[in-house]
Amino acid sequence: MREDVRDAVNRVDDNRLWRRHMEMAQIGAIPGNGVNRAALSDEDIAARKLLISWARARDFAVSVDGIGNLFVRRAGQDAAAPPVMTGSHMDSQPRGGRFDGIYGVLAGLEALEAIDAAGVETQRPIELVAWTNEEGGRFPPCTMGSAVYTGARKLEDFLEVKDNDGVVLKGALAKTLAATPDAGKRAFGAPAAAYIEAHIEQGPRLELEKKTIGVVTGIQGLRWFNIEVLGETAHAGTTPLNLRKDALREAVAIINALHELTRDESDTLRFTVGRMLVTPNSPNSVASQVLFSVDLRHPDLATIDRLGKTVEPTAEKAARHCQVKVTPTLHDDPCVFDSRVVDTIEKWTRELKLPCIRLPSGASHDAMYMARVCPAGMIFVPCEKGISHNEAENARPEDLAAGARVLTAALLDLANC
Ligand code: HGY
Ligand code: MN
Ligand code: MN
């Protein structure tokens, strides 16, 4: 193994990496070892400040762009060269785990620190990024920060999005940006030479097949929608059923029709309704309005495209007395990662004698958007029983450190070519 790579890889500190996970897990901690660190919340701000404190301690440069993506940069010999980038997200689901997203940020920081401690000079700068609002749990859709950074979406598309309490994204973003005033200002869309994201698998394969590393080949396609059903509120006791415009009853009919539409014996297709807001949300008033989410996913482009196009007509057909408004909120086709980056990840995994498999990602990640603007790839490490988006999410320190070593080696390789 190249001397510089060996030296840097040997400086990955398992204990520091684990300790930082536990420290971050205190921010937004919820019972059952979980975290609730919603995007652009006070908890998100606290996590940003903690990450910046670690970056500053190593004299890395810190900057933030207009949607709050947070960048930590280690200089290269050629300051003008497009950097090699790594990163993930610090926001979590409402009942999230201690590793989803934050692992990719802390593994990236660990790689930067190990390279720095080894005194390895790289031709290119290496940058870590903590993307804003990857989860989309509070402010849908997901992967918002990377979508705006790469130009796939405009910031203006999202400023008026509201959370379940009616808080508007624009105000929460302004508060978050104001919380780190001494971070440099960063434009959207600066060129990158390559991007690698480390993440827990959020599925059971690595653990079942006793592999330490997943060399990720790509990400399945997604289509998200908001469906609004508009009826009329009325007295639950006096209003005959045949005179009602019951938005909740018809939302259920639409959801059942979509379940029929998406029935898949092979259990490859993913259909989820995870969010529902009911107005007036009172036991003895007929619902006048229901807003619910639709999350559709499939690895095959033709399939996800065909299904995405049937959502609106299916909803309109299933509704009888109410009006229906279907708004697409996410349209991501399946992505295939760059073969050179995938091969580089596998090369160093084997150099480090770590058992690995190649596999696609069922979950989406910011790498979905970075793959559109530069060669990109991902490194998975196992999580217990594949559980994620759940407080019980768990991972082993030795696996997290193994993934950070592969990341360190791959970043160094790409930063010198
Ligand atoms: O929804 C996803 O796939 C990701 O975990 N945000
Ligand atoms: Mn994630
Ligand atoms: Mn997630």
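The values are calculated or read from the model by the stated rules, or taken from the named source; none is laboratory data. Keep in mind that this is a model prediction, so the values were computed, not measured. Virtual Cβ from ideal backbone geometry, glycine too; neighbours counted across all protein chains shown. For accessibility, only protein heavy atoms count, side chains too; no ligands or nucleic acids. Shrake-Rupley method; radii C 1.70, N 1.55, O 1.52, S 1.80 Å.
Annotations for the structure displayed:
- Just one of the listed residues (P360, P382) is over 15 Å from the mean Cα position of the chain (by Cα) and either at pLDDT below 95 or farther than 19 Å from E110 by Cα (or both), and it is P360.
- Yes/no for G145 being assigned to a helix (DSSP H, G or I), touching a His at 6+ places or on another chain (Cβ under 9 Å) and assigned by TED's automatic domain parsing to the domain that holds A81: yes
- Every residue from the range 171-214 that is open to solvent by 30 Å² or more (accessible area, probe 1.4 Å), of a type in the set (A, V, I, L, M, F, W, C) and touching a strand residue (DSSP E or B) at 6+ places or on another chain (Cβ under 8 Å): L177
- Check on D157, among the acidic types (D, E), within 16 Å of ligand 3 (Cβ to nearest atom) and at pLDDT 95 or above: no
- Flag for R249 being assigned by TED's automatic domain parsing to the domain that holds H298 and of a type in the set (D, E, K, R): yes
- T212 touching a Pro at 6+ places or on another chain (Cβ under 7 Å), more than 19 Å from S388 (Cβ to Cβ) and of a type in the set (S, T, Y): no
- Single condition G108 does not satisfy, out of (1) under 21 Å from Q202 (Cβ atoms); (2) assigned to a loop (DSSP other than H, G, I, E, B): (2)
- Looking only at residues in the range 18-46 that are in contact (Cβ under 8 Å) with a residue 60 or more places away in the chain and in a helix (DSSP H, G or I), the one that is nearest to P140 (Cα to Cα) is D44.
- Filter result for R95 (of a type in the set (K, R) and within 16 Å of ligand 3 (Cβ to nearest atom)): yes
- Tabulated pairs, the range 113-136, first assigned by TED's automatic domain parsing to the domain that holds R153 and farther than 16 Å from M85 by Cα, second more than 16 Å from ligand 1 (Cβ to nearest atom) and not in a loop (DSSP other than H, G, I, E, B), C-beta under 6 angstrom, 6+ apart or interchain: A118/D7; A118/A8; V120/D4; V120/A8
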